[in-house]
Structure formats: structure tokens, C-alpha cells
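Just below is one structure, and these are the notes that go with it.
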Protein chains: 2
Amino acid sequence: MEINIQKRVLEANETQADTNRMFFKDQNVFVLNLMSSPGSGKTETLCKTLVRLMPRIRVGVIVGDICTTNDADRLDVTGAKVTQINTDQFGGDCHLAAHLIFSSARQLGCEDLDLLIVENIGNLVCPAEFDIGEDARAVMLSVTEGEDKPLKYPLMFRVADVAILNKIDLLPYLDVDIRLAKDNIQQVHPHLPVFEISAKTEEGFSPWLEWLNIKVFEKTGKGL
Amino acid sequence: MEINIQKRVLEANETQADTNRMFFKDQNVFVLNLMSSPGSGKTETLCKTLVRLMPRIRVGVIVGDICTTNDADRLDVTGAKVTQINTDQFGGDCHLAAHLIFSSARQLGCEDLDLLIVENIGNLVCPAEFDIGEDARAVMLSVTEGEDKPLKYPLMFRVADVAILNKIDLLPYLDVDIRLAKDNIQQVHPHLPVFEISAKTEEGFSPWLEWLNIKVFEKTGKGL
């Protein structure tokens, strides 16, 4: 029974996601859905990414959290247009559903944006099941989480269009084999682009920014 | 609508959880539900915990994962009775529901156990909502996840009976204020016991083991 209910919820979400896709196409904005476990460094990565993109690309961010506006406050200082969704009022939802993205995107205003980034709820499971009408999905994994996570949470890596391995500055202090982490990603999703970065030191940022730049340009014709 | 469906699912789970509670009382076994984000160190902590408890306390473990038997395999070598739940066949469930715990506990056999530990799915959101009939809930947070997580995922810390801050061996390499992390926990859940440990070095294990020992003894009369 639980599975049938889940199916109906996902079908309703899919219909709204199709509406979102049309809206984002009309607005000529590229939408990236950034997902990860709690504390893998989404916000820090976005702060550094926005500062380096924004001279050329106009960026907006929808930040999802169950509680607090901490992440939105941190992103606000970058100068990007930022809006916050708190899911606490929707029963503490563990993901961002398509209808929340639609209303937030309209509230934020997409007509003067080239790139809209959705920082999803920190959760490596549920957000993977909810299409929000995005153009690409990025999964971030902190190397501190261990090399086996792609095998244990395969759906997230299967639906992703790019994977980011963060906190590589900590590798000397961890018993983690980053080559094995990458092999595990390829096992779940062959040929998925993987970028190794440190949001703290900005090591490895250039290839990641280039990937994002190209994606935005391919859809919107802006930014290169 | 989504919230009403969720409510019915939770009510059905609560009924099963009450059945579990009676079963665990009959079997005179203390049940600990261990929850955290992916990769915060649940399995490593359990491996070290079991080795140190098992001379005196008979321990069983139910390991929840969406995919793989990696964690169960790692725990198996400790000599504890271990059984695995893979939720992939139930739609990749993001939590362990009470009915799965009931069937797994019966399959494992509790009559010769003093302590049953449930290693929940790596998820700091959904498992907090699902009562499994446990005697105590432990939330683990890796210090690498950042000091703000108790404020951002308050339900998990609110329902917990104990919090474990893991990976303190990495503190010298992180911009994380562990005192602030502890203050944030106390803000969400005043007087919650918090243990700081490193599963890697076993630093800080004694107070955590003592807490667990006392809890098992208080229910079962075993282990001290």
C-alpha cells in the first residue's frame, strides 16, 4: 500500500515538473539541482562558485532547508538572488517537491537570470526521486563520507549528470581511497563526469566551473 | 493531501512499534536505534563498540541499507549476530519501518541477546519520524558535517536519547567549532547527553560504553 501511495505522489510531482520545465524554457534559464548528504559542503561550494561565475553569468539560488535560514544568509553575501524554502511547515519534508520549486522560482523572478541553482535538502536518498524540472542534477559527496556511498545510495548517482567529490584537502588525514570512490561511481553510472574539489581551498574548481559554464551556454546562449 | 497520507503511514507504523515494544520486553532485550547521515561512522563505531561490549553483553545487530551488504559484512567479523535489511525491494525506502524491524528481529532471534542495535539507513531526516519500538535512540554526527546540523535537522536531535559526535581526530584539520556544535545540540534538546569520540582511534569510547552498559543493565539486569 505504502508503495502505491508513493507512486501517486511521484506521478503528481512529475506533472508539475513538466510545467516547471516549460516555464524554465520560456525564461531561458538553466536549472541545476544540487543534492548531497548533510554537511558535504553544498553551500560553501556554491558561495565560491557564484563569486567566480557572476561576472559573466546572472545567478539565482533556491535554498531548501527543513529549518533555519543559515545557508541562504551565507549565499546572500555573494550578491546572487537568493530565496529560501523551509519545509518545516510542510511536515519537515525530506526533499524539495516540484510545486515548491515552481512557486519559489516565480517569487524569485527568473527573467533576469541565466542560471538557477537549487540547493536541495541534505539527504542522499529522497531528493533523487523528485524531478523538479531541472536541466541537470549534480550529486556532491564529501570524501569524509567514505568510498562506498555510490554503491549504497545508487539511485542518487544514477540520476545525476555530474558528481562532485568535495573536501579533498582532508584526504591526507583519512583512510579513504578516492580512486575506489570514483570506480564505485563509474560502476553505478558509467561515464558520469566526476570533479574532485576542495571548497575550502578552491583546488579543482576550474574544470567544474567550465562544465557548468558550458551547460549554461548550451541552453541559454549566455556566459561564454 | 501528501501530509494526510504521511499521517496514516505513521499511525500504522506506531501500532506496529507498540507490538515491537511488547516483543522486546518479553525477550528482555534492550534495543538501540542508531541514526545519522551517510558516512558519519555508524558501522565503524559499532564494530569497535561490539568488540569491547561482547565479553559481557550478548549483542545482535540489524543493519539497514538501501543496497549492498557492506556494513553487515564488516560487522559480521566482530562475532555479533548480524542480519541485513535491504530496502531496495521496498522502493528504496529512506528509513526502517517498524514491521521490517519486527520480522528481522524474529529472524535473528532475540532470546539469547541482551542488546539489539539497529543501524538505520544513512539519513538525518526520515528515520527520526519512524518509531521502531526501540528503548533508546542515538544520533551520530560527524564533526566534518559542521556545527549547524542540529539546528537544521532538529527533529532527529529532539527525538534522540543520546548524541555522539564522531571523527574528533579530524578536528585539527577542520574549521569546525565543537563547542558550538554542542551548544546547538543543547539548544534543540536541553540536557541531552553528548559523547565526543573517534571511531578510528577509539578516543572517548569509555563514557559512551558506560552509558550503553548502564542502559542495558537498567532494562535487562545484564552486563554490569
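Read the figures in this text as sums done on the coordinates, not as results from a lab. Here the structure is a predicted model, which is why all the values come from computation and not from measurement. Here Cβ is always computed from backbone atoms with ideal geometry, including for glycine, and neighbour counts include all displayed protein chains.
Placing R0 at 45 angstrom, the Cβ-Cβ distance between A:Asn28 and A:Arg179 gives a FRET efficiency of 0.70 after rounding to 0.05.
In plain terms, the chain from A:Phe217 to A:His191 could stretch by 7.2 nm, reckoned as 0.36 nm per residue minus the Cα-Cα distance. Taking the alpha carbon gyration tensor of chain A, multiplying each eigenvalue by 5 and rooting it gives semi-axes of 25, 22, 17 Å, largest first.
The gain in end-to-end length when the A:Asp73 to A:Ala12 segment is fully stretched comes to 18.8 nm, 0.36 nm per residue minus the alpha carbon separation. Restricting the calculation to Cα atoms, every distinct pair contributes to the Kirkwood radius of region B:41-87, found to be 10.7 Å. In this Cβ point-charge picture (+1 for Lys and Arg, -1 for Asp and Glu), region A:10-101 has a dipole of about 620 debye about its Cα centre. Each Cα pair of the protein assembly as shown feeds into the Kirkwood radius, which the Stokes-Einstein equation turns, at 37 °C and 0.692 mPa s, into a diffusion coefficient of 146 µm²/s.
Counting only other chain Cβ atoms within 10 Å of each residue's Cβ, the peptide B:123-129 averages 6. When the helices of chain B are scored as -39500 (n - 2.57) per DSSP H run of n ≥ 4 and the total is divided over every residue, the value at 222 nm lands at -12500 deg cm²/dmol. With a 10 Å cut-off around each Cβ of A:163-169, the average count of Cβ atoms from other chains is 1. Sparsely packed loop sites in region B:1-79 (the chymotrypsin sites (Phe, Trp or Tyr not before Pro) outside DSSP H, G, I, E and B with at most 12 other Cβ atoms within 10 Å) do not occur. Pairs exceeding a 31 Å alpha-carbon distance, out of A:Lys7/B:Lys25; A:Lys200/B:Lys200; B:Lys81/B:Lys167; B:Lys81/B:Lys200: A:Lys7/B:Lys25. Averaged over the residues of B:139-152, the number of partner chain Cβ atoms lying within 10 Å of the residue Cβ comes to 5.
For region B:140-199, the gyration tensor built on C-alpha atoms gives a prolate shape. Its axis ratio a/c (a ≥ b ≥ c) is at least 1.5, and a/b is the larger of a/b and b/c.
Here B:Gln107 and B:Glu202 are evaluated by their C-beta separation; at R0 = 45 Å the FRET efficiency comes out at 0.90.
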